[in-house]
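Structure incoming, see below.
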Amino acid sequence: MARKQVVEVVAEMVASVVEIGCAVGDDVTPESTVLLLESMKMEIPVHPEHAGRVREIKVSPGDVIQEGDVLVVLDPA
Amino acid sequence: MTQTADSAATPVHPPAGSVPRSVMVKLPRAEDPRNPVHRLTALLDDGSLELLTPDDESGMLAAIGTVDGTPVVAFCSDATVMGGAMGEDGCQVVMTAYQRALTDGAPIIGLWHSGGARLAEGVASLHAVGRIFAIMTQASGRIPQISVVLGPAAGGAAYGPALTDVVVLGPEGRIFVTGPDVVRSVTGEDVDMLRLGGPEPHGRRSGVVHLLADTEEAALQHARDTATLLGSQGSLLTDQVEDVDLADLLPENRKRAYDVHPLVEGILDEGTALELHPRWAPNVVTALGRLGGRTVGVVANNPLRLGGCLDSLSAEKASRFVRLCDAFGVPLVVVVDVPGYLPGVGQEWDGVVRRGAKLLHAFAECVVPRVTLVTRKTYGGAYIAMNSRSLGATKVMAWPGAEVAVMGAVAAIRVLHRRRLAEVPPDLRDQVEAELAAEHERIAGGVEKAVEIGVVDEIVEPSRTRTALAAAIDAEIQTAGVRRGAHGNIPL
């Protein structure tokens, strides 16, 4: 399988960003809440699919995000 | 992938990953891990294999045997002969297997590793493959059909598995209508087999595959588990169902989304959950498992994904699962926490109305015991679709405080009292909204109102839910028996 250089955490739906739960350089796992989003009147935690180290956070609290937007970029663990 | 399919099935053979393909091909057939005798032996219980057809050059081999004691019929492509290509003789082997399975009423498991129809036999091979599709369709809903794709399965070998109830993909399994060479020559698109039809596209995007496995051994185990769940459903022993406090599996904050998997696993007997389509349309969870020892199916909204909204794909996924369970007499537990259907242009253009209608149809025609549990909320069109009283639910239960409504109370009063709210000074707006919402909930929403008008039968405590679900299913089985829907299981 071709090895990906980075892991992107991508928005599944339109939402607004409530809270950032990680910082650049943090080691995160699928159990980590890297972001908290609000959509459909719910607070939805976002967990990365794979473990990694946070390389870049592309959103800020209050941002409205669209389906498919890249939210966080990780270097795979 | 570092691990290859063949290593797991035949531990005596050197790991396939360490052997160049050119060397593997030259192995004597008896030692070749792709030999169908090896694969069928690995699938079936030790010593239970009995060949139904001769071990020859037909390209297919059929056998009977057992999986965990459940009698099954199995067939396997012979990838040592022309890459498992299917001609008239090989197709006849599959027909023989199906006829036997239909006669015995036994689950049938197909192990696939085939480039499709034999080119050299021309249209006769197409005709033979088409007859397999026909008998699979005739068998649909009558006997459980399980496919395990262990190598490339192209053309006819792709549609064979696709017609069956559950498709398992091994690590080397690839499913596509036309291979990379044809794609390249026709469209100019450069793509390899993995990207075209490997675990990622089929597990996540296409929905073709129900179960993925990292090893060939694990793929065969998935098939065994599925065959056992559908073929030996067991009896519901209510006195063996123990309660646990399921409330602990939900967050305290009612607005907070959560992963529903622990709740699904908590409802089922420990260690029995087998989730189908885990990565595709993950906003609804569909799992087979056991409750009080009996096979049941669970459909559950997953708030962690898309807020648990229904959308076009999840409606389609759930519909097919409901019809699978209905066809084989598997009672359903429907776990509801749904804010509604996902709004948007993409959804409408994607046919959320057409595909959502499938879910209404699937539940409304379903004759197996089917019990709904509303944990937190159920709104609007999704309320109806998730096995509501109106669609004929056997029983609808709700946890205390659950919201059963057209929409959330605040959203509702903003529509109903738009003019009045417009006149309220901004600084008082929140307060007035809260008062109106509370009033609205007293009149229109709230689980007590739902109980009053009969769309919710009872309020159950989370700590009593397992026994209540088991009792409701058992009561229906005692009075009506376990009926089976009189329909096939078209791959919706």
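If A:V24 meets every condition in (1) free of Cβ contacts under 8 Å to residues at least 40 places away in the same chain; (2) in contact with a strand residue (DSSP E or B) (Cβ under 6 Å, 6 or more places away or on another chain); (3) part of a loop (DSSP other than H, G, I, E, B); (4) within 14 Å of another protein chain (Cβ to nearest Cβ) apart from one, which number is that one?
Going through the list (1) free of Cβ contacts under 8 Å to residues at least 40 places away in the same chain; (2) in contact with a strand residue (DSSP E or B) (Cβ under 6 Å, 6 or more places away or on another chain); (3) part of a loop (DSSP other than H, G, I, E, B); (4) within 14 Å of another protein chain (Cβ to nearest Cβ), A:V24 breaks only (4).
Another question, then. If a residue must be assigned to a loop (DSSP other than H, G, I, E, B) and facing chain B (nearest Cβ under 9 Å), how many such residues does segment A:37-68 contain?
Step one: filter segment A:37-68 for residues assigned to a loop (DSSP other than H, G, I, E, B), giving A:40-41, A:47-51, A:58-63, A:66-68.
From what's left, facing chain B (nearest Cβ under 9 Å): A:40-41, A:47, A:67.
Counting residues in segment A:37-68 that are assigned to a loop (DSSP other than H, G, I, E, B) and facing chain B (nearest Cβ under 9 Å) gives 4.
What single numbered condition from (1) under 30 Å from B:L43 (Cβ atoms); (2) open to solvent by less than 20 Å² (accessible area, probe 1.4 Å); (3) more than 20 Å from the chain's Cα centre (by Cα) fails to hold for B:L230?
Against the list (1) under 30 Å from B:L43 (Cβ atoms); (2) open to solvent by less than 20 Å² (accessible area, probe 1.4 Å); (3) more than 20 Å from the chain's Cα centre (by Cα), B:L230 comes up short only on (3).
Inspect all residues belonging to segment A:4-13 and state whether any of them is open to solvent by less than 50 Å² (accessible area, probe 1.4 Å), in a strand (DSSP E or B) and away from chain B (no Cβ under 14 Å).
The answer is no, given that none of the residues of segment A:4-13 is open to solvent by less than 50 Å² (accessible area, probe 1.4 Å), in a strand (DSSP E or B) and away from chain B (no Cβ under 14 Å).
Among the listed residues B:A468, B:A475, identify the single one that is surrounded by 15 or more Cβ atoms within 10 Å (Cβ to Cβ), within 34 Å of the chain's Cα centre (by Cα) and more than 29 Å from B:S314 (Cα to Cα).
Details: B:A468 fails: more than 29 Å from B:S314 (Cα to Cα).
Result: B:A475 is the single residue among B:A468, B:A475 that is surrounded by 15 or more Cβ atoms within 10 Å (Cβ to Cβ), within 34 Å of the chain's Cα centre (by Cα) and more than 29 Å from B:S314 (Cα to Cα).
OK, next. Tally the residues that are touching an Asp or Glu at 6+ places or on another chain (Cβ under 9 Å) and within 14 Å of chain A (Cβ to nearest Cβ), restricting the search to segment B:413-434.
2
Of the residues that make up segment B:358-374, is at least one within 13 Å of chain A (Cβ to nearest Cβ) and modelled with pLDDT of 95 or more?
No, segment B:358-374 contains no residue that is within 13 Å of chain A (Cβ to nearest Cβ) and modelled with pLDDT of 95 or more.
On to the next question. Within the group B:L324, B:L313, B:L332, which residue is among the hydrophobic types (A, V, I, L, M, F, W, C), open to solvent by 10 Å² or more (accessible area, probe 1.4 Å) and either under 17 Å from B:E275 (Cβ atoms) or at the interface with chain A (Cβ under 10 Å from one of its Cβ atoms) (or both)?
Unique residue meeting the criteria: B:L313.
Only residues that are without any contact (Cβ under 8 Å) to a residue 40 or more places away in the chain, open to solvent by less than 30 Å² (accessible area, probe 1.4 Å) and within 14 Å of chain A (Cβ to nearest Cβ): list them for segment B:343-357, please.
B:Q347
Can you pull out the residues in segment B:150-196 that are within 14 Å of chain A (Cβ to nearest Cβ) and assigned to a helix (DSSP H, G or I)?
B:M193, B:L194, B:R195, B:L196
Yes/no matrix, rows are residues, columns are (1) at pLDDT below 95; (2) more than 14 Å from chain A (Cβ to nearest Cβ); (3) open to solvent by less than 70 Å² (accessible area, probe 1.4 Å):
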{"site": "B:P14", "(1), (2), (3)": "yes, yes, yes"}
{"site": "B:V25", "(1), (2), (3)": "yes, yes, no"}
{"site": "B:T66", "(1), (2), (3)": "no, yes, yes"}
{"site": "B:M82", "(1), (2), (3)": "yes, yes, no"}
{"site": "B:D89", "(1), (2), (3)": "no, yes, no"}
{"site": "B:T96", "(1), (2), (3)": "no, yes, yes"}
{"site": "B:P107", "(1), (2), (3)": "no, yes, yes"}
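Then there is this: (1) in a loop (DSSP other than H, G, I, E, B); (2) within 13 Å of chain A (Cβ to nearest Cβ): which one isn't true of B:D269, the others all being true?
So B:D269 meets the others, but not (2).
Go through (1) surrounded by fewer than 21 Cβ atoms within 10 Å (Cβ to Cβ); (2) away from chain A (no Cβ under 14 Å); (3) touching a residue at least 12 places away in the same chain (Cβ under 8 Å) for B:R254 and report which single condition fails.
Condition not satisfied by B:R254: (2).
Shifting gears a bit: May I ask you to verify whether B:T295 is under 26 Å from B:A405 (Cα atoms) and more than 11 Å from chain A (Cβ to nearest Cβ)?
no
The values are calculated or read from the model by the stated rules, or taken from the named source; none is laboratory data. Just so we're clear, the structure is a prediction, and the values are computed from it rather than from any experiment. Note: ideal-geometry Cβ built from the backbone for every residue, glycine included; neighbour counts use all protein chains shown. Please note that ligands, DNA and RNA were not included when accessible areas were found on the heavy atoms of the full protein model with its side chains. Shrake-Rupley method; radii C 1.70, N 1.55, O 1.52, S 1.80 Å.
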